Structures are given as structure tokens and as C-alpha cells.
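Written below as C-alpha cells is the structure these notes are about.
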Amino acid sequence: MSLATLHTDARRLADAIIRFPSRFAAALFRVDPLVAGNMRVWLEANVRFENADVPPVFVQGGNAACFALVSIAMRKPALFWGALAAIPSLPVLILLKCL
């Protein structure tokens, strides 16, 4: 395995990790993955979007919840990943408490 192959594999993995929150939110709220990806790109371009106009497609129907989750994942990644880890561990913790 060459160094170029390792670099390509590492880059592919990093891209998959970066895109995971938007893909997860799209699947969770049944939103088009392309729209969720556009939300991530828009948030990256408008890091401080307090004064920016949010595109109307992002705040209609299920897209609004998806946009909120992608926004949390972009602005507070530790909160997103911590919550994602806490959800499946909750039943295990309850079981341990009962034993």
C-alpha cells in the first residue's frame, strides 16, 4: 500500500465524517440529502450567520428541523457527537443501574 493510497483513504474517511451529520439529519427528518448537504455548505460559508438571510427552502416543513440539527452539528460538534453517543448508551446505563 503506497503513501498516496493511504492519503486517499484518509481523505475519503475525513470527508465521510464531515458529511455524516448532514446525512444523518437528512435520514432522520426524511429530507433530500442534497438539500441537507447544501445546508452544511451554506453554514460553512456563513459561519456567523446572525445577519445572513437563511434561504427559504431551509426553513420549510421538515427542512427546518434538519437545518436546526445540521446547525448544531456545525456550531457545537461536541454536543452533537456527545448526544449521538448518549442515545444508544442510555439503555445500557439503565440496565446497569437496575442490576
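The values are calculated or read from the model by the stated rules, or taken from the named source; none is laboratory data. Keep in mind that what you see is a predicted model, and the values were worked out from it rather than measured. Note that each Cβ is placed from the backbone with ideal geometry, even for glycine, and that neighbours are counted across all protein chains shown. For accessibility, only protein heavy atoms count, side chains too; no ligands or nucleic acids. Shrake-Rupley method; radii C 1.70, N 1.55, O 1.52, S 1.80 Å.
Here is a check on your reading of the model: is Ile87 in a helix (DSSP H, G or I) and open to solvent by 80 Å² or more (accessible area, probe 1.4 Å)? Taking the combined requirement at face value, the residue satisfies it.
Screening Leu69 with (1) modelled with pLDDT of 90 or more; (2) in a helix (DSSP H, G or I); (3) open to solvent by 80 Å² or more (accessible area, probe 1.4 Å) gives one miss only, at (3).
If I filter region 1-20 down to residues being hydrophobic (A, V, I, L, M, F, W, C) and over 11 Å from the mean Cα position of the chain (by Cα), which single residue comes out as least open to solvent (accessible area, probe 1.4 Å)? Filtering region 1-20 for residues that are hydrophobic (A, V, I, L, M, F, W, C) and over 11 Å from the mean Cα position of the chain (by Cα), the one least open to solvent (accessible area, probe 1.4 Å) comes out as Ala14. Asp53 satisfies every condition listed in (1) open to solvent by 60 Å² or more (accessible area, probe 1.4 Å); (2) modelled with pLDDT of 85 or more except (2).
May I ask you to verify whether Asp32 is at pLDDT 85 or above, within 22 Å of Leu84 (Cα to Cα) and charged (D, E, K, R)? Yes. The set of residues in region 21-45 being exposed (fewer than 14 other Cβ atoms within 10 Å of the Cβ) and assigned to a loop (DSSP other than H, G, I, E, B) consists of Arg30, Asp32. Residue pairs whose Cβ atoms lie under 9 Å apart, separated by 6 or more positions or on different chains, with the first residue in region 65-92 and without any contact (Cβ under 8 Å) to a residue 60 or more places away in the chain and the second basic (Lys, Arg) and open to solvent by 50 Å² or more (accessible area, probe 1.4 Å), are Cys66/Arg30.
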